[in-house]
1. Quick one: how many residues across segment 147-164 are assigned to a loop (DSSP other than H, G, I, E, B), crowded, with 18+ Cβ neighbours inside 10 Å and within 16 Å of ligand 2 (Cβ to nearest atom)?
2. For segment 81-106, what are the residues that are assigned to a helix (DSSP H, G or I) and surrounded by 15 or more Cβ atoms within 10 Å (Cβ to Cβ)?
3. Go through Glu171, Glu134 for me and flag whichever is within 22 Å of Glu100 (Cα to Cα), surrounded by fewer than 18 Cβ atoms within 10 Å (Cβ to Cβ) and either at pLDDT 95 or above or among the polar types (S, T, N, Q) (or both).
4. Within segment 100-119, work out how many residues are within 19 Å of the chain's Cα centre (by Cα) and either among the charged types (D, E, K, R) or at pLDDT 95 or above (or both).
5. I need every pair where a residue in segment 22-46 that is without any contact (Cβ under 8 Å) to a residue 40 or more places away in the chain has its Cβ under 9 Å from the Cβ of a residue that is more than 13 Å from ligand 1 (Cβ to nearest atom) and assigned to a loop (DSSP other than H, G, I, E, B), sequence separation at least 6 or different chains.
6. Exactly one of these conditions fails for Gly216: (1) without any contact (Cβ under 8 Å) to a residue 60 or more places away in the chain; (2) in contact with an Asp or Glu (Cβ under 8 Å, 6 or more places away or on another chain); (3) under 18 Å from Leu4 (Cα atoms). Give me its number.
7. Among the residues of segment 108-127, are any among the polar types (S, T, N, Q) and in contact with a helix residue (DSSP H, G or I) (Cβ under 7 Å, 6 or more places away or on another chain)?
8. Need the failing condition index for Ile67 against (1) without any contact (Cβ under 8 Å) to a residue 24 or more places away in the chain; (2) crowded, with 17+ Cβ neighbours inside 10 Å; (3) under 26 Å from Trp174 (Cα atoms), just the number.
Amino acid sequence: MSDLTAVGITAGYDGPPVLDKVSVNAEAHTTTVILGPNGAGKSTLAKAIVGLLTIREGTVTLLGENITGMGPHKLVRRGLAYLPQLMNIFDQMSVIENLEMGGYTIQGSLNQRVDTVFELFPDLAKDRHKKSGELSGGQQRMLALARLLMTDPKVAILDEPTAGLSPLYAERVWEQIDRIRGLGVGLLVVEQNASIAMDHADSVFLLAQGRNVTSGPTAEVRGRDEVARILVG
Ligand SMILES: Nc1ncnc2c1ncn2[C@@H]1O[C@H](COP(=O)(O)OP(=O)(O)OP(=O)(O)O)[C@@H](O)[C@H]1O
Ligand SMILES: [Mg+2]
């Protein structure tokens, strides 16, 4: 069994479900990307997994335990972190204060964890006392990612961590995701830009209209006809 497994998820908002029996999984030390056109249900799936939406059918397991319907705060303590599509940092707080806020669940030394995270994000370390609102858009995105790591997650779900960034900065964010994978974290990443995502991901799930279309190791999925058809239109 994978470290994170979502099987046959049916979920949505008011009205008919958006997701129709969607399944995805993620492993430690691995980056799995979720691709699909606008409105495919990628964010809905992320929200359902982290307990922000009611799951009508299906099961989510984390590290072998059933977590279906468990809320975000409980899940953070169990090692599942979530970066929403519209993320928020605290503008008026410094970089280091943002990280400390992010570490509210950790048991051990907060300072030690901040140091670990700064080692991974040396640029943020340089700006540690700067107000977050004064950072560039790209650096703010890095801070959101860094803050997520403060909880020392086993699995992290990132919903479009590069949205709105320049290609150069998107690449830098992806390099950072690679380093997070190197720590052993399992990453499940929603990404609009299929090309950059497939350059970095180990495996791919393609969704369209609330359903699984295809999935597998990146090298295999990349050449499939339906990928080109659905993603290029
Ligand atoms: N809060 C909401 N209330 C009702 N319907 C919603 C809500 N959010 C999304 N939807 C609908 O659910 C469907 C899937 O949306 P979702 O945001 O999951 O897609 P997505 O794949 O993340 O798209 P994008 O690439 O644009 O972020 C769409 O039809 C959308 O209109
Ligand atoms: Mg989305």
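1. Residues flagged as assigned to a loop (DSSP other than H, G, I, E, B), crowded, with 18+ Cβ neighbours inside 10 Å and within 16 Å of ligand 2 (Cβ to nearest atom) within segment 147-164 amount to 3.
2. Matches in segment 81-106: Val95, Ile96, Glu97, Asn98, Leu99, Glu100, Gly102.
3. Details: Glu171 fails: within 22 Å of Glu100 (Cα to Cα).
After ruling out the rest, the residue left standing is Glu134.
4. Counting residues in segment 100-119 that are within 19 Å of the chain's Cα centre (by Cα) and either among the charged types (D, E, K, R) or at pLDDT 95 or above (or both) gives 1.
5. Taking only residues 6 or more apart or on different chains, the pairs are Asn25/Met1; Asn25/Ser2; Asn25/Asp3.
6. Exception for Gly216: condition (2).
7. no
8. The single condition Ile67 does not satisfy is (3).
The values are calculated or read from the model by the stated rules, or taken from the named source; none is laboratory data. Since the structure is predicted, the reported quantities are computational estimates derived from the model, not experimental observations. Glycine also receives a Cβ, built like all others from the backbone with ideal geometry; neighbour counts cover every protein chain displayed.
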